[in-house]
Amino acid sequence: MNKKISDKDKKAWDKFINSNDRLHIKDNPSISGRPPNLEKSIDLHGYTLLDANTEIEKFLFKCYANGVTKVNIITGKGSRSKNKDDPYQAKDLSILKYSVPNFINENKQLMKIILKIDYDSVSSPSKGSFLIYLKKK
């Protein structure tokens, strides 16, 4: 295989080497002109129902204020929840996986900033997290 470099390519290379222009950095969003990663996550493992609801409300409003559009909420699957051992509690709403989306859905102020909730992930027994898409400010 003959790899002869053309005169045109040599001139382009010389121009590149001798140039004082800075290279455009694609990996740095603030320099490249692309918006920064607008996705955040919150892990609610270990939270009580009341604490989880309070924390998720504050977190979603903060994300909205900061221009975040995609929020991953990690609740866990509830497979080790101690509430399952109490027959007098509703199984579906004692686990954060179900109660947090229910709280969000019933909170009118939160629903004003939410574009979409991924209910398929909530109902999936194999997933312990779900996504919320926030409206743009």
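For the subset of the stretch 58-69 comprising residues that are surrounded by fewer than 16 Cβ atoms within 10 Å (Cβ to Cβ) and part of a helix (DSSP H, G or I), which member is modelled with the lowest pLDDT?
Initially, the stretch 58-69 is screened for residues surrounded by fewer than 16 Cβ atoms within 10 Å (Cβ to Cβ), giving 58, 61-62, 65-67.
Those still in the list that are part of a helix (DSSP H, G or I) too: 58, 61-62, 65.
On the way: Lys58: 96, Phe61: 96, Lys62: 95, Ala65: 92.
Of everything passing the filter in the stretch 58-69, Ala65 is modelled with the lowest pLDDT.
Figure legend. Inter-residue proximity from the stretch 119-137: first residues among the β-branched types (Val, Ile, Thr), second residues in a loop (DSSP other than H, G, I, E, B), beta-carbon distance below 9 Å, spacing 6+ or different chains. Indicated pairs: Val122/Thr75; Ile132/Asp118. In summary, helices (runs of 4 or more DSSP H) completely within the stretch 70-137 and bearing 2 or more residues that are among the hydroxyl-bearing types (Ser, Thr, Tyr), surrounded by 11 or more Cβ atoms within 10 Å (Cβ to Cβ) and at pLDDT below 85 occur at 119-123.
The values are calculated or read from the model by the stated rules, or taken from the named source; none is laboratory data. Keep in mind the model is a prediction, meaning the values are calculated, not measured. Cβ coordinates were reconstructed from backbone atoms using ideal geometry, including for glycine residues, and neighbour counts include every protein chain displayed.
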